[in-house]
Every structure is written in structure tokens, then in C-alpha cells.
Amino acid sequence: MNLVVQTESEKRMKMQPVKGTRDFYPPQMAVRNFIVDGWKASSIRNGFVEYDGPIFEYLQMYQVKSGDEIVEQLFNFTDRGNRHLAIRPEITPTLARMINKQINALPMPIKWFSVPRLCRAERPQKGRLREFFQWNIDIIGIEDVLADAEVICCSLDYLRNTGLTSKDVVAKISSRRLLAALLKNIGIAEEKLESLYPILDKKTKIPVEAFVEMLEKEIDSPETIQAILKLMDIHSVNDIPDIVKLDEKAQESLDELKRVFAYLEKMGAEDWCRFDMSIVRGLAYYTGMVFEIHDKSGDLRAICGGGRYDNLLSDFGGPKVTATGMGMGDAVLEILLREKGLLTDDSLDIQKLDYFVACVDGDLFDEAVEITTKIRQKGYAANFSYKTNALKKQMKIADSMNAAKCIIVGGELKESGQLVIKDMATGEQILVDATTFLE
Ligand code: HAM
């Protein structure tokens, strides 16, 4: 027998939740359900169907195309068969793998959504946790930027439904394809792009000196670094031709991005959207339109992020199928909704009952349990008190369980076979025939 002696402080340590994880007591679960239910409703409204995958995958799957940042944040382990596995830090690689597996059977285009529980070994901070939930919507098999615009609009559709407005949040949109073409025009070799993107993604997240320092590690020429800084500061698509020379590829990418904005206008989302060259995204697989939605005060990290990734399925050994999508986490969103007064603890029901069954005295307790069972069998949510408290106390319990109606089992049941039904909102009471009511 392996006896490990633990000190008192070691025992106490074990009882703590891991840093960056959350316990969902019923009030926190109500918040999570409120967010997730809204995500699901938005997905369904916008024509997406739900999927899910396993919570862990082969480690290698995230090393192929997600980029170094996410690889550094992996919770990975080796199983008893010596397989190297990782808990999913995102679901996009799983989605690509799943679609490749059934590529011949799945009718295109695919519009799928999912709400996976994800883990990233990040340093826990405001809006960043080690375990979180992330709404994903992805459209596979549509090359036209209409799909990109639809992904942005669906994300905004959810946010609009929470009560947020274009005064609160902004979708910042750019294009990796355009950025690549412009960087090439200022002398950056194509092979450099993959290592440069995660640095450019940091532009607005770190002080400019630190940003320049990071660039200096990749680029020798101070002129090129200056050109990059100028490029990253462009805030209008119309300014681009004045600042950088456009070759055919850059012009094509710019036209494509303008078409995204034209679709967004048609979809009535123009007030919520703006071009922002500093949106690059940290993940390696993006190839076209990229976007992030931010709170306008700029105090929080991105509410969501996504973009086009046309090579991921082929990088995973499948055919070349285009894809675009986004992920929105629950952590930043919850902070923002609370800050804006759109989510308060007392606005959510932790419990909701159709009926609470109370009895006027202990002799009728068995009847109350029997009636509760029958009501549950009819498909209603019903509960009773385990203790035969005074009726007043039972009414209080009914209230705390948020019961719409209370069935009061009293002397009438034995005398005339009737039950009292009390409407908890109005206080109105009616008498009903028990047999008819319960049949
Ligand atoms: P991402 O930018 O890594 O993209 O994450 C998207 C969103 O997930 C973030 O904007 C944030 O709301 C949330 N998030 C990320 N990390 C954390 C964390 N440690 N704690 C709390 N929330 C977090 C992706 O994951 C892409 N796979 C999205 C995508 C789907 N692109 C195309 N399809």
C-alpha cells in the first residue's frame, strides 16, 4: 500500500479550486446558462446547427497550424498508451478534423456552431481564465466574403440581443491577405509573415517601445520597421493607397475587404463595424478577413475574434475547402454585460417551478408527495417541502423556489376531493377538482 503522509497545509491546498478555474454554484450556473442560451438562440436564428467534439485531442493537432502562442498555453499529458494528448484550447482544429473525416458525406456549405469548454494555461487575469466557455460559429465551403460578413453579423446579432449597442462595442475588421500584400510591398519576405503576425497582433496590447523591440528581433532595417508602424496605424481603407503602393494582389485584397464592408452595410451593421489595420489575430491559420469585437472604452480584452482560414482543412490532410468563423468567450462578455447593467444577479432565475405543493398539516404530507409525483409525470416542474412546516413557511419556500403556482392540499381534498390552487403572483386562489386536475 502506498501511504503518502500529507501535512495539514498540503491537505488544505488540495481543497482549493485550481487558479483560473471557476466553481459554478447555482447563481453562477444561472449566469452561464443565460449567456449560453443567448449564444444558442443567435446561432439558430442565423441558420447554424450544433456540433461538439472530444475534450482532448492528439497534442500534434494543435502544433500543426494554431501558432506558438496557443501551443505554449496547452495543458498536455501522456496517457497510459504513451499517446501525447492535450485538452482542447480551441475547437477550430477539431472542427477541421471532423469535417475532413466526413468530407464526402457532408452537404456543403456547412454552418455549424458549438459551445465548448476550453482550457488554456494562461496567466489568470481580468477576462482571461484557464478554463472558459467559447461560442464558435463557422461557415465551411463558401469562398465569397458574404460568409465573412455573415459571421461578423451573427456575432453582433447576439450582442445586440443582450441590449448592447454600437455605442458600447465595435467590430474591428482587417484582412490578413491585404496585410500580407502590403508587407510584401514594403520589403518583407513571405517566409517572415508567419513569425511576424503574432508580433503585429500585440501592437495595441503592449507599449510601442516593447512592440518595436519585438519587431527589431525579426527585422534589421529601421526604415522597414517605421513603414510597418505607419501601416499598422491606418484606420480607413481609403487612406491605404496614399500610404503604401498597391500592386495587383494588394488591390485585389483591398477590393475584397471593401466587399465585406458593402455586405455589412446591406446587413445593417455598418454602425457597428470599422476597418482597423492593427487587427492581425494571434492564431497562425487565418488567411483572409480577420476581425475582433471590442468594448468601445478599450478597457477589456477582445470579446470575440475570428476570420477566414482557407488552408486549415488541407493542412490537416483534407481537400482545399474554404472556411470562416469566430470564437466568443464567456469571461470578457460577462464583465462587460455587468458593467453596462445588462446582467445582474437578481435578474436571473436560479430556479423556476410550475407548482409547489404544500399541505396544511402533517397528515396530508403523503398526499402532497403523491400529487407532486403526478404533476411531474404530467411534465410540469414541481416540488414540495421535506418538512411539514406551517403553511406560511411552506409559502415562503415556494416563493424562494420561484413557483408560479402553489397547490394547497387541505381538508377539502378529503371532504370534497378538491385542491386549492394559488397564483403566486396575484395571490388569487381557486378550487379545482383533484381527479380532473391530475388526470
Ligand atoms: P481566440 O482569439 O483565441 O480565437 O479566442 C476567441 C475568444 O475566446 C477571445 O476573444 C476571448 O473572448 C475568448 N478567450 C480566449 N482565451 C481565453 C481565456 N484564456 N479566458 C477567457 N476567454 C478566452 C479562437 O479561439 C479561434 N479558434 C476562433 C475561431 C473560430 N476562428 C475561426 N473559427
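Taking the condition in contact (Cβ under 8 Å) with a residue 60 or more places away in the chain and assigned by TED's automatic domain parsing to the domain that holds residue 183, does residue 317 pass?
For residue 317, the condition - in contact (Cβ under 8 Å) with a residue 60 or more places away in the chain and assigned by TED's automatic domain parsing to the domain that holds residue 183 - is met.
Which condition breaks for residue 138 when tested against (1) in a strand (DSSP E or B); (2) open to solvent by 40 Å² or more (accessible area, probe 1.4 Å); (3) among the acidic types (Asp, Glu)?
Going through the list (1) in a strand (DSSP E or B); (2) open to solvent by 40 Å² or more (accessible area, probe 1.4 Å); (3) among the acidic types (Asp, Glu), residue 138 breaks only (2).
How about region 390-434: which of its residues are under 46 Å from the mean Cα position of the chain (by Cα), open to solvent by 40 Å² or more (accessible area, probe 1.4 Å) and polar (S, T, N, Q)?
Within region 390-434, 400, 402, 426, 429 meet the criteria.
Can you list the helices (runs of 4 or more DSSP H) found entirely within region 171-222 that contain at least 2 residues being within 15 Å of residue 288 (Cβ to Cβ) and either in contact with a Lys or Arg (Cβ under 6 Å, 6 or more places away or on another chain) or open to solvent by 10 Å² or more (accessible area, probe 1.4 Å) (or both)?
By residue number, 176-185, 193-200.
Could you list all residues from region 132-187 that are β-branched (Val, Ile, Thr) and either within 13 Å of residue 269 (Cα to Cα) or touching a strand residue (DSSP E or B) at 6+ places or on another chain (Cβ under 6 Å) (or both)?
Residues of region 132-187 that are β-branched (Val, Ile, Thr), as a first pass: 137, 139-140, 142, 145, 151-152, 162, 165, 169-170, 173, 186.
Residues satisfying the conditions are 137, 139, 140, 151, 152, 165, 169, 170, 173.
How about region 62-125: which strands (runs of 3 or more DSSP E) wholly inside it have at least 3 residues that are near the ligand (Cβ under 10 Å from one of its atoms), in contact with an Asp or Glu (Cβ under 9 Å, 6 or more places away or on another chain) and open to solvent by less than 10 Å² (accessible area, probe 1.4 Å)?
none
Of all residues in region 141-168, which are more than 15 Å from the chain's Cα centre (by Cα), open to solvent by less than 10 Å² (accessible area, probe 1.4 Å) and β-branched (Val, Ile, Thr)?
145
Return yes when residue 112 is in contact (Cβ under 8 Å) with a residue 40 or more places away in the chain, closer than 13 Å to residue 328 by Cα and assigned by TED's automatic domain parsing to the domain that holds residue 28 and no when it is not.
The answer is no for residue 112.
Residue check, residue 324 against (1) polar (S, T, N, Q); (2) within 22 Å of the chain's Cα centre (by Cα); (3) modelled with pLDDT under 95, all met but one. Which one?
In the conditions (1) polar (S, T, N, Q); (2) within 22 Å of the chain's Cα centre (by Cα); (3) modelled with pLDDT under 95, residue 324 misses (3) alone.
Looking at region 237-270, which of its residues are part of a loop (DSSP other than H, G, I, E, B) and within 29 Å of the chain's Cα centre (by Cα)?
Result: 267, 268, 269.
Criterion first (among the β-branched types (Val, Ile, Thr) and outside the structural domain of residue 137 (by TED's automatic domain parsing)) does residue 397 satisfy it? Let's see the steps before the verdict.
Details: among the β-branched types (Val, Ile, Thr): yes; outside the structural domain of residue 137 (by TED's automatic domain parsing): yes.
Spelling it out, residue 397 is indeed among the β-branched types (Val, Ile, Thr) and outside the structural domain of residue 137 (by TED's automatic domain parsing).
Would you point out which residue out of 237, 244 is among the aliphatic types (A, V, I, L, M) and in contact with a strand residue (DSSP E or B) (Cβ under 7 Å, 6 or more places away or on another chain)?
Being among the aliphatic types (A, V, I, L, M) and in contact with a strand residue (DSSP E or B) (Cβ under 7 Å, 6 or more places away or on another chain) holds for just one of 237, 244, which is 237.
Give me a count of the residues in region 317-340 that are open to solvent by 50 Å² or more (accessible area, probe 1.4 Å) and either closer than 17 Å to residue 297 by Cβ or not basic (Lys, Arg) (or both).
5
All but one of (1) out of contact with any strand residue (DSSP E or B) (no Cβ under 9 Å at 6 or more places or on another chain); (2) in contact (Cβ under 8 Å) with a residue 12 or more places away in the chain hold for residue 90; which doesn't?
(1)
Is it the case that residue 308 is open to solvent by 20 Å² or more (accessible area, probe 1.4 Å) and either within 16 Å of the chain's Cα centre (by Cα) or within 11 Å of the ligand (Cβ to nearest atom) (or both)?
no
What do you reckon, is residue 337 outside any loop (DSSP other than H, G, I, E, B), under 15 Å from residue 139 (Cα atoms) and among the aliphatic types (A, V, I, L, M)?
It is false that residue 337 is outside any loop (DSSP other than H, G, I, E, B), under 15 Å from residue 139 (Cα atoms) and among the aliphatic types (A, V, I, L, M).
The values are calculated or read from the model by the stated rules, or taken from the named source; none is laboratory data. The structure displayed is predicted, hence computed values, not measured ones. Every residue, glycine among them, receives a Cβ derived from its backbone with ideal geometry; neighbour counts consider all protein chains shown. The area values use the complete protein model at the heavy-atom level, side chains included, leaving out ligands, DNA and RNA. Shrake-Rupley method; radii C 1.70, N 1.55, O 1.52, S 1.80 Å.
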